Amino acid sequence: GNLEEGQRNLEKRQGNLEEGQRNLQEGQREIKRELKAITEQTADLTEFREETNAKLDTIIEENEILKELIGKHEVDIRRLQRRIV
């Protein structure tokens, strides 16, 4: 009797261990899915950052060109004003 009850307890514990292992495996699969999603989002954000930086570099360069043109125009305007006076 005690031996049979001990056997049942062992089988029950083994069942609990197997259930726990299944839960761990499912948890690991979920972590892998979430990690894959995070990796994809990181790649998208990295691409977005690179595109944004490239556009910002273009804007900065164009702004410098505009400042040069405005400066040249200011010089031309002042020269014309001196001729008029």
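The values are calculated or read from the model by the stated rules, or taken from the named source; none is laboratory data. Given the structure is predicted, the values throughout are model-derived calculations rather than measurements. Note that each Cβ is placed from the backbone with ideal geometry, even for glycine, and that neighbours are counted across all protein chains shown. These area figures cover heavy atoms from the full protein model, side chains too; ligands, DNA and RNA do not enter into them. Shrake-Rupley method; radii C 1.70, N 1.55, O 1.52, S 1.80 Å.
Only one of the values [x] 12.8; [y] 13.5; [z] 20.1 was calculated from this structure for Kirkwood radius over Cα pairs in Å; name its label.
[z]
Stretch V75-Q25 to full length: gain in nm at 0.36 nm per residue minus the Cα-Cα span? Spell out each step's value before the answer.
On the way: separation 50, 0.36 × 50 = 18.00 nm, distance 7.43 nm.
In short, 10.6 nm is gained.
Can you list the aspartates and glutamates whose alpha carbon is less than 19 Å from that of K36, not counting same-chain residues fewer than 8 positions off?
E26, D44, E47
When we measure straight from the Cα of K55, which lysines land under 25 angstrom away, once same-chain ones fewer than 8 places off are left out?
K67
Counting only protein heavy atoms, what percent of the accessible surface of the chain is carbon or sulfur at a 1.4 Å probe?
56
Could you give the nm distance between label points at K36 and N63, where each point is 7 Å from its Cα heading toward the beta carbon?
4.2
Positive end of the charge dipole of the chain (Lys, Arg +1 and Asp, Glu -1 on Cβ, about the Cα centre): tell me which of T58, Q41, Q14 has its Cα farthest that way.
Going by the Cα projections, it comes out as T58.
Report, to the nearest 10°, how far helix 2-84 tilts away from the longest principal axis of the Cα atoms in the chain, using its own Cα long axis and a range of 0 to 90°.
Value to nearest ten degrees: 0.
Quick check for you: with a 1.4 Å probe and neighbouring chains kept, what is the accessible area per residue of the chain, in Å²?
99
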